[in-house]
Amino acid sequence: MTITAVGFDLDETLAVPARDRATILDDAVAAVGAPSLTREAYLDAHGRHLTADTREPIFAALLEGRDTDVAPERLATVYRREIADALAPVPGIAAFLRRLRTEYSVGLLTNGPSVAQRDKLATLGWTDLFDVALVTGDLDAGKPDPAAFRALLDALGSDPEETVYVGDDVDADIAGAADAGLVPIQVTFEGGPSPSPRAAAHLPRDRLVAELPDLLADL
């Protein structure tokens, strides 16, 4: 098997918030005076709106029936800014991805609303970092749906068995990539998901830059 292309997840794989996401949500809620929201409820609503343009429908669902006059659009905007401002790249990752593109086609496939995820890329200065950058808000399906991974393969012009997908989430990234025929590599870190037996390999996030090239060559 020869690997010709590498796809990446974004959040918790290539970039990590400097503050806990539950805290970021609390700060956004407090900033607009909205009722308290849990991280668990947010993730549930997020999972039901992976192909939305913005987070407005996510927060509309969360605020529905609550005693508040806070507009979902306002909360979505504030939360987007809080997340983007807190996001920090894995050390050395941008230069690493540029080097990787000299040997492989390199793509991004990230779950989430278009405006939110592309704002993260702009804030990080990564709008031109990938050969292709796909956000599920622009697609008909989100990870782990095989259709999302087929969109990545089509954009990269690669076959699934020749394409590695690197991510942290056991279901969305690892199981999703495996079910679509790609070669999944799981990024691991303290407090993150347990290693999945479906991953072809596991890499500590702080060793991603140092060890991924040799791993790709060995596959």
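Every read-out reported here was derived from the displayed coordinates using simple, explicitly stated rules and does not represent laboratory data. Values in this document were obtained by computation on a predicted structure and should not be read as measured data. As a convention, Cβ positions derive from the backbone with ideal geometry for all residues, glycine included, and neighbour counts pool all protein chains shown.
Data table
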read-out	value
Integer Hz, Karplus 6.51/-1.76/1.60 couplings in order for the range 195-200, x for Gly and Pro	x, 8, x, 7, 6, 6
Loop-located GluC sites (Glu not before Pro) in the range 138-219, at most 16 other Cβ atoms within 10 Å (DSSP)	GLU190
Sparsely packed GluC sites (Glu not before Pro) within the range 1-88, loop by DSSP, other Cβ within 10 Å at most 12	GLU64
The chain: relative contact order in percent, alpha carbon pairs under 8 Å with at least 6 residues between	24 percent
Local electrostatic count at LEU216 - Lys and Arg +1, Asp and Glu -1, tallied over other residues with Cβ under 13 Å	-3
Sequence-separation-based contact order of the range 93-205, relative, with Cα cut under 8 Å and 6+ spacing, percent	18 percent
Centre separation in Å (Cα based) which lies between the range 162-219 and the range 17-92	27 Å
Which labelled figure in (1) 7, 30, 33, 21, 8, 1; (2) 8, 26, 28, 19, 11, 6, 1, 0; (3) 8, 34, 36, 16, 5, 0 is P(r) over Cα pairs in 10 Å bins from 0, in percent, once derived from the coordinates	(3)
The chain, helix-only ellipticity at 222 nm - DSSP H runs n ≥ 4, -39,500 (n - 2.57), divided by all residues, nearest 500	-12000 deg cm²/dmol
